[in-house]
Amino acid sequence: DTEVTQTPKHLVMGMTNKKSLKCEQHMGHRAMYWYKQKAKKPPELMFVYSYEKLSINESVPSRFSPECPNSSLLNLHLHALQPEDSALYLCASSNRTSGRTEQYFGPGTRLTVT
Amino acid sequence: GENVEQHPSTLSVQEGDSAVIKCTYSDSASNYFPWYKQELGKRPQLIIDIRSNVGEKKDQRIAVTLNKTAKHFSLHITETQPEDSAVYFCAAIGGGTSYGKLTFGQGTILTVHP
């Protein structure tokens, strides 16, 4: 089963709201990722978790706060976002964090900031 | 860091024709090269990948070739069908990274006309 799930599918939030995106995988993968994708552009890496510890932060603004409660779950907490943060947020997982390993993407959360 | 260039940005073919998408990479230590297909509003889906120790890999109508000396790799789709219409992204993982950090090309919009 190569399934990564994400909730919600769509989210509309105001600039003063606090919301969270959730990601789940049950493939026993030990690496999980958050990507941001703008229309007609490739996914851009935001964060990498390896064995439930944050290993890469691609200089993402602090209004995005990741959390990995356990090996199957990944959250992205959102606060005081800007309209330019509107995008598709994709979660991915892979078997291990070393190179040469497949990353599987979830369906994404389409976020609109008003 | 790694840089991946992808061409062409758009590709239009007739059903039954072949389609070829080419990518070049900058990091000679890169060792894993996946290709993702993304249909409108959906997740990137891994369709084929190749590791640096092989020169070619084939899966039914799709194939990928890798030339390590020239630092380029290509996706070949034969007998194209309308359902092949999507955005295709190539990607590379640099050999020096231990966190599976994917660098994507800018994408190719493939349109297959019936």
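Computed from the coordinates by the stated procedures, all read-outs in this text should not be read as laboratory data. No experiment lies behind these values; they were computed from the predicted model shown. Cβ coordinates were reconstructed from backbone atoms using ideal geometry, including for glycine residues, and neighbour counts include every protein chain displayed.
Odds and ends about this structure:
- Amide H contacts of B:Asp17 (H built 1.01 Å from N, under 5 Å, at least 5 apart or other chain): B:Thr80
- Peptide A:32-42 shows a mean partner chain C-beta count of 3 within 10 Å per residue C-beta.
- Proximal aspartates and glutamates to B:Lys57, defined as alpha-carbon separation beneath 18 angstrom and excluding residues fewer than eight positions away on the same chain: A:Glu102, B:Asp49, B:Glu79
- Computed about its Cα centre, the charge dipole of chain B is approximately 360 debye, with only Lys, Arg, Asp and Glu carrying charge at their Cβ.
- With a 10 Å cut-off around each Cβ of B:30-39, the average count of Cβ atoms from other chains is 3.
- Set of aspartates and glutamates near A:Lys53 by C-alpha distance (under 17 Å), chain-local residues within fewer than 8 positions excluded: A:Glu24, A:Glu67
- This model, with +1 at the C-beta of Lys and Arg and -1 at the C-beta of Asp and Glu, gives chain A a dipole about its Cα centre of some 220 debye.
- Ranked by how many other beta carbons lie within 10 Å on average, peptides B:84-94, B:50-60 from highest: B:84-94, B:50-60
- In terms of surrounding Cβ atoms within a 10 Å radius of their Cβ, B:Ile48, B:Ile109, B:Ile21 rank from fewest to most as B:Ile109, B:Ile48, B:Ile21.
- DSSP beta bridge pairing in chain B, given as percent antiparallel to the nearest 5: 90
- Pairwise FRET efficiency - B:Gln81 versus A:Leu54, Cβ, R0 = 45 Å, nearest 0.05: 0.60
- Calculated FRET value between A:Leu73 and B:Glu56, using beta carbons and R₀ = 30 Å, to 0.05: 0.20
- Karplus-derived 3J(HN,Hα), 6.51/-1.76/1.60, for each residue of region B:61-69, Hz, glycine and proline x: 8, 10, 8, 10, 10, 10, 10, 5, 5
- Dimensionless Rg/Rh of chain A - Kirkwood Rh, Rg from C-alpha atoms: 0.95
- Panel order for A:His77, A:His10, A:His29, B:His76, by other beta carbons found within 10 Å of each beta carbon, from fewest to most: A:His10, A:His77, B:His76, A:His29.
- Estimated FRET transfer efficiency when R0 is 25 angstrom, pair B:Ser26-A:Ser20 (beta carbons, to 0.05): 0.10
- Projecting the Cα atoms of A:Pro83, A:Val60, A:Tyr49 onto the charge dipole of chain A, computed from C-beta unit charges around the Cα centre, puts A:Pro83 farthest toward the positive end.
- Residue ranges B:3-9, A:13-19 sort as B:3-9, A:13-19 when ordered by packing (mean number of other C-beta atoms within 10 Å per residue, highest first).
- Semi-axis lengths, largest first, of the ellipsoid equivalent to region B:1-76 are 21, 15, 13 Å, with √(5λ) applied to each eigenvalue of the Cα gyration tensor.
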